[in-house]
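> The following block contains the structure, expressed as structure tokens.
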Amino acid sequence: MWPYADDEVEVRRIQPYQASKPYICPGCQQDIPKGMGHVVTVPTSAPDDRRHWHHACWEHRHRRRPGGRARAPRR
């Protein structure tokens with residue numbers, strides 16, 4: 001899902017007052033509305049590949065399945 005290693009990415013925290021546009025989080029495929037704090041990940045080798053993530057989605061990106069959806073709970 002995210003092809004860059006952690007040491008190849010700069011992570012920037014975006015404060016709510018800085019979030020002037022809505023985005024789609026690549027971790028969960030849900031909206032990040034205007035005015036919501038989040039993180040922007042910028043690959044050092046490809047800055048144009050930057051992505052906007054929810055804080056929790058970025059922190060838990062290694063536990064997600066490819067395709068951006070979390071595994072359904074077991075019954």
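> Cut-off is 10 Å between beta-carbons; in what order do TYR17, TYR23 appear when sorted fewest neighbours first? Mind showing how you got there, number by number?
Details: TYR17 8, TYR23 18.
Starting with the residue having the fewest Cβ neighbours, the order is TYR17, TYR23.
> Residue by residue through segment 37-43, which ³J(HN,Hα) values in whole Hz follow from phi under the Karplus form 6.51 cos²θ - 1.76 cosθ + 1.60 (θ = phi - 60°), with glycine and proline marked x?
Computed from phi, the couplings for segment 37-43 are x, 6, 10, 10, 9, 10, x Hz.
> Okay, next question. Just grab the label-to-label distance for ILE24 and ARG12, each label 7 Å out from Cα along the Cβ direction, in nm (one decimal).
Between ILE24 and ARG12, the simple spin-label model gives 2.2 nm.
> At a threshold of 8 angstrom on Cα-Cα distance, excluding pairs fewer than six apart, so keeping six or more, what relative contact order does segment 6-63 reach in percent?
Normalised by residue count, the contact order of segment 6-63 is 35 percent.
> Same structure again: Quick one: ARG13, ARG61, fewest Cβ neighbours within 10 Å first, how do they rank?
ARG13, ARG61
> Oh, and also: Need one word for segment 2-41: rounded, prolate or oblate. Basis is the Cα gyration tensor (sqrt eigenvalues a ≥ b ≥ c); a/c below 1.5 gives rounded, then a/b vs b/c decides.
oblate
Bear in mind that the values in this text are calculations on the coordinates, not laboratory data. These numbers come from a predicted model, not from an experiment. Cβ sites come from the backbone with ideal geometry, for glycine too, and all protein chains shown count toward neighbours.
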